[in-house]
Amino acid sequence: MNLLSVEEARTRMLSHFQPKGTEAIPLEKGLHRVLAINVKAQNNLPSFDNSSMDGFALIAEDIETATSASPRTLNVVADIPAGTNPNIVLQSGQAARIMTGAPMPKGADVVIPVEETDFQDRSPGTSAPKKVSIYKSLAAGTFVREQGMDVRTGQSVLSSGHKLRPQDLGLLGMLGVANVEVYQTPRVALLSSGDELVPVDAELKPGMIRNSNSYMLSALLETSGSEVLNLGIAKDTRKSVEEILAAAAAQNVDMILSSAGVSVGAFDYLKDVVEAQGELSFWRVNMRPGKPLAFGKYKGIPFIGLPGNPVSAFVGFEVFVRPVLEKLSGLIGKNRLKVRVQLDEALSSDGRESYLRAIVHEANGKFSAQLTGHQGSGNLFSTVQANALLIIPAGIKSLEPGAEVDAWLLD
Ligand code: AMP
Ligand code: MG
């Protein structure tokens with residue numbers, strides 16, 4: 001069987017996925033959801049000229065000569081708390097006490113902070129003075145937040161395909177978007193397979209191991225914004241594999257993800273059972289770790305069979321499953337940041353596209369990388385110690401210290 005390149009395998013896989021439909025959800029449920037519309041501002045931000053200080057609103061020309069030695073005294077004709085709407089027009093010689101966020105009165109063009117006046121009492125409940133002396137001159141516009149200075153009505157602020165972050169929700173709140181149109185969340189059925197697997201809290205008899213992939217893959221799925229339906233462990237029998245796949249398909253999922261049992265072992269039934277109810281391609285991908293990869297459709301539902309070795313499963317997820325889920329979830333752009341790093345040490349590779357576990361640290365504006373522990377595909381501790389995956393391109397057998405490679409930052 002020919003070896004597919006990683007890029008070829010990923011492109012083939014991606015061609016089977018399209019973004020899901022959309023739904024409107026309340027803004028408070030929006031975190032990490034993928035926006036399905038382009039958002040244009042329906043109002044200016046701020047929507048009215050307001051003060052950025054507690055102080056006195058007045059006319060800049062009136063205080064042009066004010067200093068602490070020779071203050072200018074003005075009549076205080078209004079008091080403007082936040083949340084009020086002053087309907088006065090300030091005249092020369094007049095000032096209005098104003099609080100942060102309160103609308104500027106007409107006629108006024110500057111705010112003098114309370115610290116620059118003779119009236120510095122800001123205890124709650126204090127009423128405005130009759131007169132105020134100003135110790136300092138300030139240019140027109142100072143401490144005034146102008147209508148539309150942040151965002152203008154009609155301006156594009158967020159685009160479809162963007163994953164919503166806390167600050168995005170804040171902005172949508174400012175714009176009065178109470179319900180937000182997002183892509184539906186991908187639903188993924190997760191299953192493990194192997195007679196050697198026991199649940200994490202079960203007694204470990206000789207020859208058995210704990211089903212750790214279930215926790216790792218379930219968490220990886222969550223970081224990609226998917227809803228996970230964990231179906232547990234299939235035994236290495238045809239019947240058990242048939243039952244678990246049928247249960248997965250009954251859950252109205254967008255994808256079935258399995259670990260192990262898709263290799264060429266004598267008890268690896270997953271491929272057979274998927275094929276019996278759909279279609280299956282078994283690919284050997286020119287990568288390390290994680291060469292064997294099963295992809296197909298079971299009863300019309302895309303199926304990805306990752307290798308069972310924990311590091312292979314982890315890498316296979318990052319290389320294939322995350323991009324698929326990003327597409328399915330409507331995301332434009334990537335979750336993972338790719339940076340260029342310099343190797344601290346020499347390394348050897350076997351010519352396959354290799355994903356090595358490493359610690360990347362930054363010094364003097366450069367990233368450098370050191371491998372973590374044993375790089376075998378069963379040695380998950382190497383991944384636990386790592387904060388990055390180094391990507392060694394296909395065809396490279398060795399690299400000297402100082403060589404530069406790409407790295408995906410994991411944290
Ligand atoms: P297989 O693909 O079934 O040949 O499994 C490859 C290796 O991965 C074997 O050493 C398995 O014991 C191990 N393995 C399979 N499934 C899991 C799992 N759910 N958690 C941890 N290790 C696993
Ligand atoms: Mg097995």
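Scanning the stretch 283-316 for residues that are among the basic types (K, R) and either out of contact with any Leu (no Cβ under 7 Å at 6 or more places or on another chain) or at pLDDT 95 or above (or both) turns up R288, K291, K297, K299. Of note, G141 does not satisfy the criterion of being modelled with pLDDT of 95 or more, over 30 Å from G55 (Cβ atoms) and more than 31 Å from the chain's Cα centre (by Cα). Of all residues in the stretch 344-356, those satisfying the criterion of being of a type in the set (A, V, I, L, M, F, W, C) and surrounded by 21 or more Cβ atoms within 10 Å (Cβ to Cβ) are L347, L356.
Just to be sure before I move on: is R152 of a type in the set (K, R) and either within 14 Å of ligand 1 (Cβ to nearest atom) or over 28 Å from T383 (Cβ atoms) (or both) in the structure I sent? Answer is yes for this residue. Is it the case, given these coordinates, that A66 is under 27 Å from Y135 (Cα atoms), in a loop (DSSP other than H, G, I, E, B) and over 47 Å from the mean Cα position of the chain (by Cα)? Yes, satisfied.
For the stretch 288-334, residues that are among the hydroxyl-bearing types (S, T, Y) and within 14 Å of S258 (Cα to Cα) total 2.
Of all the numbered requirements in (1) more than 16 Å from ligand 1 (Cβ to nearest atom); (2) over 27 Å from T11 (Cβ atoms); (3) of a type outside the set (K, R); (4) at pLDDT 95 or above, S329 misses one, and that requirement is (2).
Quick one: in the stretch 289-319, which of the residues that are surrounded by fewer than 21 Cβ atoms within 10 Å (Cβ to Cβ) and away from ligand 2 (no atom under 16 Å from the Cβ) is farthest from W408 (Cα to Cα)? Here the residue is K299. So E181 passes all but one of these: (1) more than 16 Å from ligand 1 (Cβ to nearest atom); (2) in a helix (DSSP H, G or I); (3) in contact with a strand residue (DSSP E or B) (Cβ under 8 Å, 6 or more places away or on another chain). Which condition number does it fail? With (1) more than 16 Å from ligand 1 (Cβ to nearest atom); (2) in a helix (DSSP H, G or I); (3) in contact with a strand residue (DSSP E or B) (Cβ under 8 Å, 6 or more places away or on another chain) applied to E181, the lone miss is (2). Taking each residue of the stretch 307-321 that is more than 13 Å from K291 (Cβ to Cβ) and among the aliphatic types (A, V, I, L, M) and looking for partners that are outside any loop (DSSP other than H, G, I, E, B) and more than 11 Å from ligand 1 (Cβ to nearest atom) with beta-carbon atoms closer than 7 Å, six or more apart or interchain, yields V321/L257; V321/I304. Residues that are away from ligand 2 (no atom under 12 Å from the Cβ), part of a loop (DSSP other than H, G, I, E, B), touching a residue at least 60 places away in the same chain (Cβ under 8 Å) and in contact with a strand residue (DSSP E or B) (Cβ under 8 Å, 6 or more places away or on another chain) within the stretch 186-212 comprise just one, P186. Can R340 be described as of a type in the set (K, R), surrounded by 14 or more Cβ atoms within 10 Å (Cβ to Cβ) and either in contact (Cβ under 8 Å) with a residue 24 or more places away in the chain or touching a helix residue (DSSP H, G or I) at 6+ places or on another chain (Cβ under 9 Å) (or both)? In short, no. Among the residues of the stretch 368-387, those identified as under 27 Å from the mean Cα position of the chain (by Cα) and more than 17 Å from A346 (Cα to Cα) are L380, F381, S382, T383, V384, Q385, A386, N387. Specify the residue that is farthest from ligand 2 (Cβ to nearest atom); the eligible residues are those in the stretch 262-282 that are touching a Leu at 6+ places or on another chain (Cβ under 9 Å) and at pLDDT below 85. Looking at residues that are touching a Leu at 6+ places or on another chain (Cβ under 9 Å) and at pLDDT below 85, I get F282. All of Q91, Q167, Q120 fail the test of being without any contact (Cβ under 8 Å) to a residue 60 or more places away in the chain, within 30 Å of P19 (Cα to Cα) and either in contact with a Leu (Cβ under 9 Å, 6 or more places away or on another chain) or surrounded by fewer than 13 Cβ atoms within 10 Å (Cβ to Cβ) (or both), apart from Q167.
Yes or no, residue by residue, for (1) assigned to a loop (DSSP other than H, G, I, E, B); (2) within 16 Å of ligand 1 (Cβ to nearest atom):
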{"position": "G265", "(1), (2)": "yes, yes"}
{"position": "D268", "(1), (2)": "yes, yes"}
{"position": "D272", "(1), (2)": "no, yes"}
{"position": "E275", "(1), (2)": "no, no"}
{"position": "R284", "(1), (2)": "no, yes"}
{"position": "I304", "(1), (2)": "no, yes"}
{"position": "V315", "(1), (2)": "no, yes"}
{"position": "V321", "(1), (2)": "no, yes"}
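Mind checking whether some residue in the stretch 229-247 is in contact (Cβ under 8 Å) with a residue 60 or more places away in the chain, part of a loop (DSSP other than H, G, I, E, B) and either surrounded by 19 or more Cβ atoms within 10 Å (Cβ to Cβ) or within 16 Å of ligand 2 (Cβ to nearest atom) (or both)? No, that holds for no residue.
In a residue-by-residue description of the stretch 231-244, the property of being near ligand 1 (Cβ under 9 Å from one of its atoms), more than 21 Å from F320 (Cα to Cα), in contact with an Asp or Glu (Cβ under 8 Å, 6 or more places away or on another chain) and not basic (K, R) applies to at least one position.
The values are calculated or read from the model by the stated rules, or taken from the named source; none is laboratory data. Everything numeric here is computed off the predicted structure, so don't read it as measured data. As a convention, Cβ positions derive from the backbone with ideal geometry for all residues, glycine included, and neighbour counts pool all protein chains shown.
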